[in-house]
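A short write-up of the structure that comes next.
All of the numbers you see were taken from the coordinates with simple rules; none came from a lab. Owing to the predicted nature of the structure, the values given are computational and were not obtained by experimental measurement. Virtual Cβ from ideal backbone geometry, glycine too; neighbours counted across all protein chains shown.
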């Protein structure tokens, strides 16, 4: 290990010392340390490395290592390599935190505002799903989220009732309180519609089939975890992987994109993404119904209420109102999107 003769601009001495201690277990000479989002990029004699710190979850590093090594055997190389310490451990425990090391992919976060990049992302996702399906998951310790989505929807619907009661109890109500309250009933009904639609679909049948195969979901598939290097896309951060319907990855990715002004709940753009994904991993009408239930549920409205009335996030009134108005302005486009999606599902069913 070098004796601090390197650049560590923007990194505190305490953090620098911890990174040095961690990388001592990997027999690495450090040249430079920088923080990028929640991880540390380390330039070293062994190339660029990523050091990640987690509060708990010793299995995360072990799961990641196992998954990546087996993905390579399935010819999926578009992810970061996990490294063991020179003693063969998957991580280093320091203080109350776990640290592990992967290769650093020298690229940029994909710009999902560009639908062509969105297309590249869903292709990456489909190939990941196909490759991970060939892995024996019995050696992994993963959360099983199958059959949980109706419960999640129901719990979130009840939360909106609680928000309404909380606002009613307030003696002095803000402009945000009044506006949020005015729309609770509408979005509450949307939540119930999503729950009913999911329960009337073949969700439980799909879940039983997926539980037999133990299908793996990335569960955090968004631009922060997708790196573009030249014309290739790479998937990083496997900490959140779980057993679930893989179609949930695609549904959640599309839901996030539709809120962007470049997509503006344009069903044709969602259709392009779904059909490109399906050229690599087929999507059934049953799975489309599950995706639609995810998109019907008013996730952004519910989440904003949680930040205001449960977590009491310290945003200004102006910021809260800006976020709420951004959600409300899409209500008509969302309804049109849902209708178009339903028509698309019916068309797919009629072609079977």
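Could you state the number of Å between the C-alpha centres of region 102-159 and region 213-259? Answer, in whole Å: 3.
Note on region 135-267: percent of Cα-Cα distances in each 5 Å bin, starting at 0 and stopping at the bin with the largest distance, equals 2, 8, 13, 15, 17, 15, 12, 9, 5, 3, 1, 0. The coefficient of translational diffusion for region 66-144, derived via Stokes-Einstein from the alpha carbon Kirkwood radius under 4 °C and 1.567 mPa s, stands at 86 µm²/s. Computed from Cα positions, the angle between helix 203-213 and the longest principal axis of the chain comes to roughly 20 degrees. Ellipsoid semi-axes for the chain, based on the Cα gyration tensor and the rule √(5λ), read 38, 27, 19 Å when sorted largest first.
Measuring from a point 7 Å past the Cα of residue 41 along Cα-to-C-beta, which residues in region 97-121 have an amide N at less than 16 Å? Residues 102-111 qualify, since their backbone N sits under 16 Å from the label point. Average 1/r across all pairs of distinct alpha carbons in region 1-158, invert it, and you get the Kirkwood radius: 18.0 Å. One decimal place: the segment residue 109-residue 169 gains 17.2 nm when fully extended, by the rule 0.36 nm per residue minus the C-alpha distance. Cβ-Cβ distance of residue 315 and residue 145, R₀ of 30 Å, FRET efficiency by 1/(1 + (r/R0)^6): the value works out to about 0.50.
FRET efficiency for residue 189 and residue 209, Cβ-Cβ distance as r, R0 = 30 Å, nearest 0.05? E(calc), rounded to 0.05, equals 0.45. Seen against the Cα atoms of the chain and their longest principal axis, helix 115-132 is set at about 70 degrees.
Averaging 1/r over every pair of different alpha carbons in region 185-257 and inverting the result gives a Kirkwood radius of 14.4 Å. Measure off 7 Å from each Cα along the Cα-to-Cβ vector at residue 259 and residue 231, then give the distance between these two points in nanometres to one decimal. Result: 3.4 nm between the two label points. In terms of packing, defined here as the mean over residues of other Cβ atoms within 10 angstrom, the peptides 320-331, 305-316, 164-175, 225-236 line up highest first as 225-236, 320-331, 305-316, 164-175. Taking a ≥ b ≥ c as the square roots of the eigenvalues of the Cα gyration tensor, region 101-164 is classed as oblate, since a/c reaches at least 1.5 and a/b does not exceed b/c. Treating the angle as unsigned and between 0 and 90°, give the value, to the nearest 10°, between the Cα long axis of helix 247-258 and the longest Cα principal axis of the chain. Helix 247-258 and the main axis of the chain meet at about 80 degrees. Could you run the Debye sum over the Cα atoms of region 13-106, one equal point scatterer each and no solvent, and tell me log10 of I(q)/I(0) at q = 0.12, 0.21, 0.23 Å⁻¹, two decimals? Listed by q, the Debye log ratios stand at -0.35, -1.08, -1.28. A crude spin-label estimate for the pair residue 94 and residue 325, with each label 7 Å from Cα along the Cβ direction, gives 4.6 nm. Average 1/r across all pairs of distinct alpha carbons in region 239-352, invert it, and you get the Kirkwood radius: 15.6 Å. Gain on full extension, evaluated as 0.36 nm per residue between residue 136 and residue 48 minus their Cα-Cα distance, stands at 28.6 nm.
With a simple spin-label model that places each label point 7 Å from the Cα along the Cα-to-Cβ direction, the separation between residue 351 and residue 16 comes to 6.0 nm.
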